[in-house]
1. For region 366-479, what value does the Rg/Rh ratio take when both radii are computed over Cα atoms and Rh is the Kirkwood radius, given to two decimals?
2. Taking H as built 1.01 Å from N, whose amide H comes closer than 5 Å to the amide H of VAL418, not counting residues under 5 places away?
3. For the peptides 566-579, 290-303, what is the packing order when you average, over each peptide's residues, the other Cβ atoms within 10 Å and list the highest mean first?
4. So, with +1 on the Cβ of K and R and -1 on the Cβ of D and E, and no other charges, what is the size of the charge dipole of region 124-450 about its Cα centre, to the nearest 20 debye?
5. With viscosity set to 0.692 mPa s at 37 °C, what whole-number translational diffusion coefficient in µm²/s follows for region 547-634 from Stokes-Einstein and a Kirkwood radius over Cα pairs?
6. So who's got an amide H within less than 5 Å of the one on GLN144, skipping anything under 5 residues away but keeping other chains? H placed 1.01 Å off N, in plane.
7. How would SER555, SER265, SER357 line up from fewest to most surrounding beta-carbon atoms within 10 angstrom?
8. Multiply the residue separation of THR574 and HIS662 by 0.36 nm, subtract the distance between their alpha-carbon atoms, and state the gained length in nm to one decimal.
Amino acid sequence: MRKLTPILFLLSAPVGLHAEDGHQLWLRQQKAVPVTVVAAAKNSAVLASARQELQQGWQGNSGATFTLTLKKDKAIKYDGYRISPNGVQASTEAGLLYGVFELLRRQQTGQTAQAGVSNPSYEYRLLNHWDNPDGSVERGYAGQSIFWRKDSSFVTTNRDKTRWREYARANASVGINGAVINNVNASPLILSAEYLARVKAVADELRPYGVKTYLAVKFSSPALLGGLKTSDPLDPAVVKWWQSKAKEIYQQIPDFGGFLVKASSEGQPGPQDYGRTHADGANMLADALKPYHGLVMWRAFVYSPTDKDRAKQAYNEFVPLDGKFRDNVIVQVKNGPVDFQPREPFSPLFGAMKKTSVMPEFQITQEYLGHSIDLAFLSTMWEECLQSDTNQAGPGSTVARCTDGSVYPQTHTAMAGVANTGLDRNCTGHDFAQANWYAFGRLAWNNQLKSAQIADEWLKLTFAGATGSAASATTSPDWNTNFLAPVKQLMLDSREAVVNYSMPLGLHHIMSATRGHYGPGPWWAPPKMRADWTPGYYHQANENGVGFDRTKAGSDAVSQYHEPLASQLNNPNTCPDEYLLWFHHLPWDFKMKSGNTLWNELCAHYDKGVQQARQFQRTWDQVQPYVDAERFAAVQNKLRSQSGNAVQWKDACLLYFQQFSHLPIPATVEPPM
Ligand code: GCW
């Protein structure tokens, strides 16, 4: 990665995504040995990137000749590749670049470079940035936007360009090939000529790394920006407005990716304002983008204040529309039916829409998992969702297979992650939050990867050599035993620890609203605003027990799942403990599978979470000799705050629930492993 000059560094306070030592993400400068790169293709910007990566990162045989071959091959899908120790073959330029990054990763992590083909699970692998044109980032915990800033949206500096390139490079290194660069709560201004000029400037920098630019659009833009009387998707003037807007965009950005739309959701305008359906709205936009091969990603994040159970609405609104969407529409579904909670069952929409392209949306930024203060490696959470069996087409119809084209003949396949990037010096706020960006890309490329492997790779790339022992560190037994093993375990345990100290046993949405969803708040609700915000809506605690009754006798959300899952979830004795209070309202003395009462087990989980957070501190303290001073101290400080947060969660929630349970907090109760 190019070094910034000292002058630039001094001039800039927060400088995210740059090459300053210690903040290079997982792309740390290696001492490269010479390699001769032969490209059997005409030179292009993407190819130039591939060549440059090889030359600055090659760790193979010194003086080797490496060939980049652009050639069709039946075994290669999308931008997949075939690699061997001496070359990469692909049918797209991006494929060549991904093959190069894979080879370099293997060299740097000490894996043997076996020959073989690697195809991506999903055709589109996208980051969604909830970045506002004024530079703020909704649910962003790593500083201001890397794309936008107040009052200067139209001036693109060299520093902007460098940053965007480095962002694109990091994405390409894990196979991410698209970025939606503005918030889904979109400003209509994003489609104005002035803003589109900025979008073009971004697109020009992302392109050499194979990353396409997309925009989130506001459904009422024709009225708000275009001055039309309506934004009704069936109105001919509205249709024409979007067509000419599409033309205007593609004239400037010929490879523009398409639109992401949050409509008729959380107060955002949408087709329902005009008595139309989601399909009417999505199809109108899809038709406007079709001539340019653009995509519409239409979000299914819908719920309404009048719902008795908000978890049911997306399924109710979207399943009847199955088969009614154009083939360049993908319905984008959050992993769970409520909202990115520390643990949710998978959304019942996965697998239920059989004639529609459906894509998972994960949240990389840690809105409900401790912002950039708490360490939570989210790969395990995403792996859990992807491997959940929907049973929709018989056993083995996992969320992964229902979305990647293995089960249903989807026209397009995709996966999106809500980004955690910002101008902070380490790009993601917490040094370990970089691992979540990395993991998202790796899982979007291969949805069967195991979190242990991802953590292993990321730690080797990010921390090996940090104390000066360079690449050999990855093979040193000392480093493996004393750093890699314990820190990997910490990462793999971290998300469950957050679940334990915040919302165990299927509890959800009991976080503080006043502190931006950080810390506990089971008691909180703004008076008389929304039905789903009344105190206790989500946990339903009272003298009789706790939990949301979504059984057949309750809201019947269980019936949105395919048998045999529906029956399994419907019965508290067969419902997995981790989803128990999601689906059931149970008495405080309910007998758990472990033999504990529900109350005691709840207490034990909260306590376990606190103990885990404290153990993370001890683990980290012991690896000090293997980490540079700056990152060591930064992580140490954050782990201290996390422990405090865990204690607050435990104390607040147990005291709160105790007013209903009237039971003592047991001195020692072991939760089951
Ligand atoms: O998770 C919730 C967030 C909102 C977000 C919304 C969404 C962008 O609290 O900040 O808005 O979901 O996903 O649309």
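Each value in this text was obtained by applying a stated rule to the coordinates, not by laboratory testing. Being a predicted model, the structure only gives us computed values, none of them experimental. Counting neighbours? That spans all protein chains shown, and the Cβs are built from the backbone with ideal geometry, glycine included.
1. My calculation puts Rg/Rh at 1.06.
2. Amide H neighbours of VAL418: ASN128, PHE362, GLN363, ILE364, THR365.
3. Descending packing order for the listed peptides: 290-303, 566-579.
4. The calculated dipole for region 124-450 is roughly 620 debye.
5. Details: Rh = 15.7 Å.
The Stokes-Einstein estimate is 209 µm²/s.
6. LEU423, ASP424
7. Least to most surrounded, the residues fall as SER555, SER265, SER357.
8. On the way: separation 88, 0.36 × 88 = 31.68 nm, distance 2.72 nm.
Extending this stretch completely gives an extra 29.0 nm.
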